[in-house]
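So the structure is just underneath, and the comments pick up after that.
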Amino acid sequence: MPETGPPSVRSEGTIYHVKRGREGTVMEIEDFCLWYELAQALFNVSMGVEKGLVTALIGPSGCGKSTLLRSINRMNDLIDGVKVSGQMLVEGFDIYGPGVDVIALRKTMGMVFQKPNPFPMSITDNVTYPLKVDGITDKRVLAQTAETALKAAALWDEVKDRLHENALGLSGGQQQRLCIARAVAGDPDVLLMDEPCSALDPVATGKIEDLIDELRGKYTILIVTHNMQQAARVSDNTAFMYLGRLIEYGLTSTIFTNPRVEKTMEYVTGRFG
Amino acid sequence: MVPTTTKDRSEGREEANPRTPPESRSTSGKAPKACSLSARGEPFLWGFGGSLAIGIMMILGFMTLILWNGIAAFYPKPLQVVTLRDGTLVAGEPIRTESFQPQEESPGKGDKEHGESPSAGPIPALRTLYRIGNFDLYNEDFRWVLESSVEKTATPPDLFFVERLEWGPFVGTVQSIDLAGSQIGGPSLSTNELYSAVEQAAERRAGIRSVERGDIAAVNYEMEEARLALKKAGLKYGPRSPEYQAAEKGYADRSAVLAERYRALEARAHELKSQDAKFTITLADVSGREKVQKLSDVVRMYPANLLSVFQKLRIYASRWWELLSQEPREANTEGGIMPAIFGTCVMTIFMALAVAPFGVVAALYLREYARQGRMVSAVRIGINNLAGIPSIVYGVFGLGFFAYMIGAGIDGLLFPERLPNPTYGTGGLLWSSLTLALLTVPVVIVATEEALAAVPQSSREGSLACGASKWQTVKYIVLPRAMPGIMTGLILAMARGAGEVAPLMLVGVVKLAPELPIDHFFPYIHLERSFMHLGFHIYDVGFQSRNSEAAKPMVFVTTLVLITLIAVMNAAAIYIRNRLKRKFSAGGF
């Protein structure tokens, strides 16, 4: 049975009461700060991510939750003028250390974006894209992976008859599940989801949430969301961020029912944000 | 509502009392005046629509002019015989009639004109331009005939319009033909016999040509190759070396064989020619002057006034076929433009092949790899300004840099045996294509950059998040998606390049190219050869030829062909682009 540690305070006054995963932490973020040019976006964020659990990042717009998520697979490198300090350890390995192979790092993490972004190619080609960039051309392997990934993303039954049609012909919800299939096809350890349901209707959102539930345990999932019911439904742990700081990080049920910090209470009850 | 009513009232009053001074209107009509015109309607709509209409009218007018003149140029016109009051006979195709101010040639006239009003000047008169042909007899092709000096006009059925290889057309009657001794003349000569004689003559002409331009040219080519091989050996091993002596001996044997073959072919050509010269036709102009002509010099002849519409269409079609498939003759004003069409196509294709990768790679670096900053902005401004440089400057650059620097270097390294005759060290197909590629590269870069910028960032992120490298992202995601836009840039570049003339005059286009840039001699594609180009052909025929009036139909027809060619190439590129577009925009969330 995972246990909840006693409330503890680390840097920047963050309150922790995290549900521990069976397999320990996969990721340790220590004093992580990030600047866009001169504007600081993250202030001394420290948190551990439990392996195999779903961790939700919530907070008002502009609080830095997406920035934090995108720091984990170094997507922020694409933006000119980004500087970081602090440490981010994945399985004990400093991903901002010298000589890190960013491409290899990204291969260990799948990412799902706010808007579905399938590539303008066939459904199979979309799903097997991570294999394609690895240079795998064996048709059997590709077809097998596509089937596995599409089944994992609960899309197989809907698309199995039109695997070679253009992915842009799918509906929005199907496209997003296709993106999830693509993210898991590369066999990552971590899934990063950046508001995956914000562009979808309630039915599609429900399917994605069910899917996240199914993927729990197989992958460590970090999900950024604006929808607090969603965070409450799908996540084990929730981190509340505000103005670039991690305010409270702990068991989801506690965050939503009995948060230890006044600010969290105000946010989850909808008094601001 | 209030301003409207006020306005209505003020207008109503003005109508009822039209003498109301404008001052009273200004007091009562304050409300509508305060409201500006642009807020109440679309006052500029006329301007927008008008400028579009003017643009469309100009394009339509231009296209109509080209189409009308180009399409009608080859349709056989009737022949007229005009009897003038002084008894002179003029026979020819009426080209056009116009009114003009006859100039009286009295000496003091010029001084008087300054003081007098124009109404006192001479009455306008009508005159008609006739294409009388027979340049070898009259020393002129065209003649103006004053309407007032015409006694009568007739269209005799026996008048022929004869197109010849030399001296332009002949207008007159057929007296007789001499088929190697058997003379057929007068009424016993049927049209069918005449036509079959002309056809046979055309076959003989083709036979002579195939010997001269085919076999003899091949022998000459081999001879030149052997001479160059010898010279190469001399340059490589030195004139005293045993290798050179061996080569010299080989050359002597080879040239002896070739010379033997050459003599045989020459004899054969001579025999064919002397045989051919026995077939003649005797023509007579309208006043009875006779002209004996080799039958094989006749390209086409027809009794213009006897033709049915169907026969006229056949002649029309055969003229178009000649235009598209034959080489030019008579200083380009007659015959075909096939080498020019071929040269234009080949040059444009090579240009596209050169400009596409170069422009796309440059734009990729600028947009995907370079750090966006002041330096990149400066480069971008520079590229945009490149598009404003006069094209003749590119021509000068191409000649100096490509031909005289790089070309001379290539000659020194690879073709030393041909020096001092330049191979690549002078204008040619390759340098023309590269010069035009340089000229059009800004268009491709700008279009490609815009196409790359239009690829959504989320696609790039999606690919990178899958663990793709930047190059893989560009290759698999960005470039395919930007391809329609890149194609648009390429289409624009091709249209611009195909219609460009000025720089080509310096870097390889000639009035008459003896050989096509692609033929059956190794290495089949001769990038160093000069070539013909439709744009230059228009300029040359229209402005540099002996008789601009005779060249006029050719100018219009060539323009029509050039525009059609560009339209076809663009249509092909647009078709490809639309197919790509469909692939990348299906559905779309």
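Under a cut-off of 16 Å between alpha-carbon atoms, report the aspartates and glutamates in cross-link reach of A:Lys263, not counting same-chain residues fewer than 8 places apart.
A:Glu12, A:Glu248
Going Cα to Cα from A:Lys151, which aspartates and glutamates come in below 16 Å? Please leave out same-chain ones fewer than 8 positions away.
Cα-Cα hits under 16 Å: A:Asp125, A:Asp161, A:Asp187, A:Glu209, A:Asp210, A:Asp213, A:Glu214.
Write down the percent of antiparallel bridges among all DSSP beta bridges whose residues are both part of chain A, to the nearest 5.
Working: 28 of 49 bridges.
Percentage antiparallel, nearest 5: 55.
When N is the residue count of region B:338-587, what does its C-alpha Rg come to as a fraction of 2.2 N^0.38 Å? Before the final figure, lay out each step's value.
Numbers: Rg = 20.6 Å, N = 250, 2.2 N^0.38 = 17.9 Å.
Scaled against compact globular proteins, the figure is 1.15.
Which residue fluctuates the most in chain A, going by a Gaussian network model with Cα springs under 10 Å, if the choices are A:Ile180, A:Ile123, A:Ile221?
Among A:Ile180, A:Ile123, A:Ile221, the largest mean-square fluctuation in the Gaussian network model of chain A belongs to A:Ile123.
Counting only DSSP beta bridges with both residues in the protein assembly as shown, tell me the antiparallel percent, nearest 5. Walk me through the numbers on the way to the answer.
Values: 74 of 96 bridges.
In the protein assembly as shown, approximately 75 percent of DSSP beta bridges are antiparallel ones.
Pairs of Cα atoms under 8 Å, at least six residues apart: use those to get the relative contact order of chain B, whole percent. Show your work: numbers first, answer last.
Working: 778 pairs, mean separation 78.3, N = 589.
The value is 13 percent.
How many lysine pairs in region B:220-346, separated by 8 or more positions in sequence or lying on different chains, have Cα atoms less than 17 Å apart?
Details: B:Lys231/B:Lys249; B:Lys232/B:Lys249; B:Lys236/B:Lys249; B:Lys273/B:Lys294; B:Lys278/B:Lys291; B:Lys278/B:Lys294.
So the count of such lysine pairs works out to 6.
By the scheme Lys and Arg +1, Asp and Glu -1, what is the net charge of all other residues having a beta-carbon under 13 Å from that of B:Lys475? Let's see the in-between values first.
Working: positive: A:Lys132, B:Arg460, B:Lys470, B:Arg481; negative: B:Glu368.
Result for the local shell: +3.
Which residue, A:Asp157, A:Asp236, A:Asp194, has the most motion in a Gaussian network model of chain A that connects Cα atoms within less than 10 Å?
Ranking A:Asp157, A:Asp236, A:Asp194 by mean-square fluctuation puts A:Asp157 first.
Over region B:338-587, what is the relative contact order in percent, taking alpha-carbon pairs closer than 8 angstrom and at least six residues apart?
About 27 percent, as a whole number.
Just going by the charge dipole of region B:338-587, with Lys and Arg at +1 and Asp and Glu at -1 on Cβ, which of B:Val360, B:Pro422, B:Pro480 is farthest out on the positive end?
B:Pro480
Give the distance, in whole Å, between the Cα centre of region A:17-75 and the Cα centre of region A:192-247.
14 Å
Below 8 Å between Cα atoms, with a sequence gap of 6+, how large is the relative contact order for region B:157-205 in percent? Could the numbers behind the result be given before it?
Values: 33 pairs, mean separation 10.3, N = 49.
Once normalised by length, the contact order is 21 percent.
Would you mind working out the magnitude of the charge dipole of chain B relative to its Cα centre, with +1 at each Lys and Arg C-beta and -1 at each Asp and Glu C-beta, to the nearest 20 Debye? Working shown, then result.
Values: 61 positive and 57 negative charges, 556 e Å.
It works out to roughly 2680 debye.
Build a GNM of chain A with springs between Cα atoms under 10 Å: which of A:Ala239, A:Ala181, A:Ala143 gets the top mean-square fluctuation?
A:Ala143
Under 22 Å Cα-Cα from A:Lys83, which lysines qualify once same-chain neighbours fewer than 8 residues away are excluded?
Once the sequence-local lysines are set aside, what remains near A:Lys83 is A:Lys65, B:Lys470.
Principal axis lengths of chain B from Cα atoms, whole Å, largest first?
Between the extreme Cα coordinates on each principal axis of chain B lie 104, 84, 56 Å.
Which of the helices in chain A, when you take each full DSSP H run, stretch at least 15 Å along the axis at their Cα atoms and have an average Kyte-Doolittle score of 1.0 or higher? Walk me through the intermediate numbers first.
Details: long enough: A:139-152 (19 Å, -0.12); A:172-185 (19 Å, 0.01); A:202-215 (19 Å, 0.14).
None clear 15 Å together with a mean of 1.0.
Provide the packing ranking of B:279-288, A:97-106, B:138-147, i.e. peptides ordered by the mean count of other C-beta atoms within 10 Å per residue, highest first. Each step should come with its number before you reach the end.
Values: B:279-288: 18.4, A:97-106: 12.5, B:138-147: 14.3.
Averaged packing, sorted descending, gives the order B:279-288, B:138-147, A:97-106.
Helix-only mean residue ellipticity at 222 nm, the protein assembly as shown, DSSP H runs n ≥ 4 weighted -39,500 (n - 2.57), per residue, nearest 500. What is it?
Helix-only estimate at 222 nm: -15500 deg cm²/dmol.
Quick test of the membrane-span-like rule: which DSSP H helices of chain B reach at least 15 Å along their long axis (C-alpha atoms) with mean Kyte hydropathy at least -0.5?
Details: long enough: B:2-16 (21 Å, -1.72); B:45-72 (39 Å, 1.69); B:191-209 (27 Å, -0.76); B:217-237 (30 Å, -0.32); B:242-276 (50 Å, -1.09); B:309-325 (24 Å, 0.01); B:338-364 (39 Å, 2.05); B:374-386 (18 Å, 0.59); B:429-453 (34 Å, 1.68); B:479-498 (27 Å, 0.96); B:548-584 (53 Å, 0.78).
Membrane-span-like by this criterion, though nothing is claimed about a membrane: B:45-72, B:217-237, B:309-325, B:338-364, B:374-386, B:429-453, B:479-498, B:548-584.
Could I have the simple spin-label model distance between B:Ala256 and B:Gln311, label points 7 Å from Cα toward Cβ, reported in nm to one decimal?
Computed distance between label sites B:Ala256 and B:Gln311 equals 6.0 nm.
In whole angstrom, note down how far apart the Cα centers of region B:334-382 and region B:388-437 are.
First find each Cα centre; the distance between them is then 18 Å.
Taking every residue in A:164-172, how many Cβ atoms of other protein chains lie within 10 Å of its Cβ, on average? Write down the numbers at each step before the final one.
Details: counts 0, 2, 6, 3, 7, 4, 2, 2, 1.
Average neighbour count from other chains, rounded to a whole number: 3.
FYI, it's all coordinate maths here, none of it is from the lab. Remember, predicted model here, so these are calculated numbers, not experimental data. Please note: Cβ atoms are built from the backbone with ideal geometry, for glycine as well, and neighbour counts cover all protein chains shown.
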